[in-house]
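Have a look at the structure below before the remarks.
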């Protein structure tokens, strides 16, 4: 009798989980693929026009300080780079700044691509990894 109850339980569980397990995963798009008209007038705030799934334009804003960090003078995916970096600039999708290294000097680092730091989901900018 216990085997029969266990089999019924497993069958019910599988039937209940099937819709969740088969749901499509929503794709996160690269910034370069779906966004345009980048505005960086008030760093670290970035505004862009991104395509929404319905084909319309979506204006999206994001604080890059929540997506980019400073690691020994290099811009990396993380947070809080504006606490130590100055001279912020955006050239296309490349974010640059002068950031202190562990040795104490400031370095003009290699830029970080916004395609590395950001993703787009349903026309809205998000930090990569969120």
Open item on the list: I'd like to verify a number: residues in segment 70-88 that are in a strand (DSSP E or B) and buried (at least 21 other Cβ atoms within 10 Å of the Cβ), how many?
Closed with: 2
Open item on the list: Can you pull out every residue in segment 66-86 that is at positive phi and more than 20 Å from the chain's Cα centre (by Cα)?
Closed with: 72, 73
Task: For residue 89: the one exception among (1) modelled with pLDDT under 95; (2) in contact with a strand residue (DSSP E or B) (Cβ under 7 Å, 6 or more places away or on another chain); (3) within 14 Å of residue 124 (Cα to Cα) - done: (3)
Open item on the list: Just to verify a result, which residue in segment 92-110, among those that are in a strand (DSSP E or B) and modelled with pLDDT of 80 or more, is farthest from residue 34 (Cα to Cα)?
Closed with: 100
Task: When residues of segment 41-55 are limited to those that are in a strand (DSSP E or B) and over 17 Å from the mean Cα position of the chain (by Cα), the one surrounded by the fewest Cβ atoms within 10 Å (Cβ to Cβ) - done: 41
Open item on the list: Just to verify a result, which residue in segment 114-126, among those that are within 15 Å of residue 50 (Cα to Cα) and in contact with a helix residue (DSSP H, G or I) (Cβ under 9 Å, 6 or more places away or on another chain), is surrounded by the fewest Cβ atoms within 10 Å (Cβ to Cβ)?
Closed with: 115
TODO: Kindly indicate whether residue 37 is under 13 Å from residue 118 (Cβ atoms) and touching a residue at least 12 places away in the same chain (Cβ under 8 Å).
DONE: no
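The values are calculated or read from the model by the stated rules, or taken from the named source; none is laboratory data. The structure displayed is predicted, hence computed values, not measured ones. Cβ atoms come from the backbone with ideal geometry, glycine included; neighbour counts cover every protein chain shown.
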